Structure formats: structure tokens, C-alpha cells
Amino acid sequence: MPKLKPNYELLQSIYDISNEFYELFLGPTMGYTCGYYEREDMTCSEAQNAKFDLAQGKLKLQPGMRVLDIGCGWGGGMQRLLENYDNIHAIGLTLSKAQKEAAEERLAKVKTNGTFEVRLQGWEEFDEKVDRIYSIGAFEHFRHEKYDAFFQMAYDALPDDGILLLHTISSLHPDEMKARGLPLTFEIARFIKFIVTEIFPGGQLPSRSMIEELAPKPGFKLTRVQSLQPHYVRTLNDWAANLQANKDKAIEIQGQEAYDRFMKYLTGCAGYFASGHLDVCQYTLEK
């Protein structure tokens, strides 16, 4: 069986634009996934940190553990890990050079007794042992044909008491949409095409049932699924408001076309999470 290769070119076409542009709507955490609004008065940045805390709190972390962050982005999750847990060795994987540099710069400022390394590396190339794994908002890039290999890699990397926390968006299968009375219109199909060609080229969403069927194949037990669906509606609305508030700066940095493209994405996606066509869940998988 040929060895799988990470798709560096596609991911760098998405994330190796301007860190400054992303920060205009993501804020200082640079968390680019669903926030967790524990309280009504939470800011977007507070909700991002609460999301990282929620995910990492499910890992049963102990001092001295090696923790792998697959798709570490700009390092916001690793920062929380190093700030909140004692003597952790954090390993972050990203395919983006811009993200790697920004994450290293961010983490170098963290006061911690732990250690970290950020690698320009895909999970397909990772063959070490770690104690815990989490992946937040990266699974959407892997594509269906790699799912079996991903779950097998994670299972093989973990000890007997290992835990994988997977945070990912999911879409409904057309049959599920029909069963729930949700329309599958040309408008929806066009929006999905826009997302996978202009926002996340090459991306592919799993269905929840796909994860629930494939993750146990190597031996994982799915012990919890937590939906954050309404939290993504608010996250996207907050991002859109942030980008709109920084419109002039965004256009100066990246151009009118990029600004319009991202506004279309942020405002459009919020509607599909609100309608139930899209969901986002944290899956706790234990050996």
C-alpha cells in the first residue's frame, strides 16, 4: 500500500496568505474553529479559549505527558495546553509555513514548565509514540479516503489508556436531510461548491455516522459526542462582525475580492449551522 502524503500545496494556498488578515476577524487567539460560549457575555476570544479548554479537559492529562496537536494552526490550542497543564511536552503539526512561524513566536512567550515543538509535518508522516492526541478543525481537510489511515495512525501512536479528541464539522448525508425534512436545494449545492473551491480547496466534510463507524475499526471506543452547533452560529456571526468592522484594513491587506469572499463564507455558513444542515462535534475516542 503506497504511503500517504500530506497535501502541503493546498493547505499553504489557504493559510499562507496574511496572518494579519486572519487576525482581523479571528482576534488574538487566532482560533479558526467553533468557539464555546459557556456564558452569554463571553467575547469571541474567550469562547475560543473555552473551546480549547473543553477539548483538552477531556484528555485526562497528567504531568509529563507528550501531547500531539494535529493541525495546530497558529498555536492557540498549544498555548492553552502549556498554560493550564503541568510539565507537558506539546507537539504541533501544521502544513502551513506561516502558521508554523506564528505559532513558534506565540509559544516562545508562554510562561510554562512544559516544552513544545511546532513541525511542518502532516499526520501521515508522524510515526512516534505520544500519550494523548487532539485535533481541532483539521479533519475537514483530510478527505474521506484517508480516514481509515488517520484513525489507525492515532491508535498506533497512543498507549493502552490513550485518548484521541476529534473536533470536526460534519454534514448530513442527503438521506438524513430527507429524513429530517431539510431541503437539499441548488442554492445549498452552489454554496458547498463555493466553500470547497474558494475557501477550503480540496476540503471534504464527514458525516457524523461516518466517524462513528470508522473510528472504532482500529479499536477505539467512542465514549462521548458533544455537539457545539449553536456555538458555531454565534462564532461565525462574531467573525463576520469583526471582519466588517475592519473592512478597510482587510481590503488594504488582502484586497476587495478576498474581503467579499470571506464575508460570503462567514455569513452563509452561519445560516446552515442554524438550519441544521451542518453540525460540529467533539468526539472522545478511548483505547
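The values are calculated or read from the model by the stated rules, or taken from the named source; none is laboratory data. As the structure is a computational prediction, the values presented were derived from the model and not from experiment. Glycine gets a Cβ as well: all are built from the backbone with ideal geometry, and neighbour counts include every protein chain shown. For accessibility, only protein heavy atoms count, side chains too; no ligands or nucleic acids. Shrake-Rupley method; radii C 1.70, N 1.55, O 1.52, S 1.80 Å.
When its C-alpha radius of gyration is set against 2.2 N^0.38 Å (N residues), the chain gives a value of 0.96. Here the label points at K178 and E198, each 7 Å from Cα along the C-beta direction, are separated by 3.0 nm in the simple model.
Between segment 46-81 and segment 123-193, the alpha-carbon centres lie 18 Å apart.
Provide the FRET efficiency to the nearest 0.05 for the R261-K111 pair, computing r from the beta carbons and using R0 = 30 Å. Spell out each step's value before the answer.
On the way: r = 38 Å, r/R0 = 1.27.
That pair, R261 with K111, gives E of 0.20.
Site pair D148 and Q226 shows an inter-label distance of 3.2 nm when each label is modelled 7 Å from Cα along Cα→Cβ.
Using a cut-off of 22 Å between Cα atoms, the listed pairs K97/K247; K146/K287; K58/K97; K193/K217; K100/K247 include K97/K247; K58/K97; K193/K217; K100/K247 as exceeding that distance.
With all protein chains in place and a 1.4 Å probe, the accessible surface of the chain carries 50 percent carbon and sulfur.
Charging the Cβ of each Asp and Glu at -1 and of each Lys and Arg at +1, and nothing else, the dipole of segment 171-269 about its Cα centre rounds to 320 debye. Annotation for E20 and E38: the two label points, set 7 Å from Cα along the Cα-Cβ direction, are 3.4 nm apart. Beyond 17 Å, what percent of the Cα pairs of segment 95-204 remain? Percent of Cα pairs beyond 17 Å in segment 95-204: 69. Where in the chain are the helices, taken as whole DSSP H runs, whose Cα atoms extend 20 angstrom or more along the long axis and whose Kyte-Doolittle mean reaches at least -0.5? Helices meeting the span and hydropathy rule in the chain are 256-275. Heavy atoms of the protein chains alone define the surface here; on that basis the chain has 45 Å² accessible area per residue at 1.4 Å probe size.
Sorted on the mean count of surrounding Cβ atoms within 10 Å across their residues, most packed first, peptides 179-189, 124-134 read 124-134, 179-189. Where only DSSP H runs of four or more residues are counted, the chain gives -13500 deg cm²/dmol as its mean residue ellipticity at 222 nm, each run worth -39500 (n - 2.57). For the chain, relative contact order (Cα pairs under 8 Å, six or more residues apart, normalised by length) works out to 21 percent.
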